1. Has region 3-10 got at least one residue that is over 17 Å from residue 118 (Cβ atoms) and exposed (fewer than 15 other Cβ atoms within 10 Å of the Cβ)?
2. Within region 11-28, which residues are surrounded by 10 or more Cβ atoms within 10 Å (Cβ to Cβ) and farther than 14 Å from residue 115 by Cα?
3. Kindly indicate whether any position in region 89-100 is touching a strand residue (DSSP E or B) at 6+ places or on another chain (Cβ under 6 Å), touching a residue at least 24 places away in the same chain (Cβ under 8 Å) and under 18 Å from residue 34 (Cα atoms).
4. Looking only at region 71-112, which residues are closer than 17 Å to residue 5 by Cα and loosely packed, with under 15 Cβ neighbours inside 10 Å?
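The values are calculated or read from the model by the stated rules, or taken from the named source; none is laboratory data. For clarity, every value in this text was computed on a predicted model and none was experimentally measured. Cβ sites come from the backbone with ideal geometry, for glycine too, and all protein chains shown count toward neighbours.
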């Protein structure tokens, strides 16, 4: 079973991301986190195939969490999503270890495809 952790401080965003992902991964298991602390707790205590995290959340945000996650689980793919512009943050989050950066404005069109590409490239 493919396991995805979705972290965003807005419940409606988490639900929409899950809805989008269910189209391409109908049997996936989803976990949720609503802030940096719950993201770190979930990410480090369970096995996930991918984490999809908002850049800005209470408690420090996705970038701070990414750095801690990569210290413990360096091969775990983390996709950062945000309303902030890619030209300001994409290079920074990828340098910190993210597998990619996605604007929330493009999530409807691109999220499923990007996650599928990540899954296909992941070591088996």
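1. Let us first name the residues in region 3-10 that are over 17 Å from residue 118 (Cβ atoms), namely 8-10.
Keeping just the survivors that are exposed (fewer than 15 other Cβ atoms within 10 Å of the Cβ) gives 10.
Within region 3-10 (the criterion being over 17 Å from residue 118 (Cβ atoms) and exposed (fewer than 15 other Cβ atoms within 10 Å of the Cβ)), the answer is yes, since at least one residue qualifies.
2. Result: 11, 13, 14, 15, 16.
3. No, region 89-100 contains no residue that is touching a strand residue (DSSP E or B) at 6+ places or on another chain (Cβ under 6 Å), touching a residue at least 24 places away in the same chain (Cβ under 8 Å) and under 18 Å from residue 34 (Cα atoms).
4. Correct list: 72, 74, 75.
Okay, residues lined up against (1) modelled with pLDDT under 95; (2) outside any loop (DSSP other than H, G, I, E, B):
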site	(1), (2)
68	no, yes
71	no, yes
79	no, yes
84	yes, no
108	yes, yes
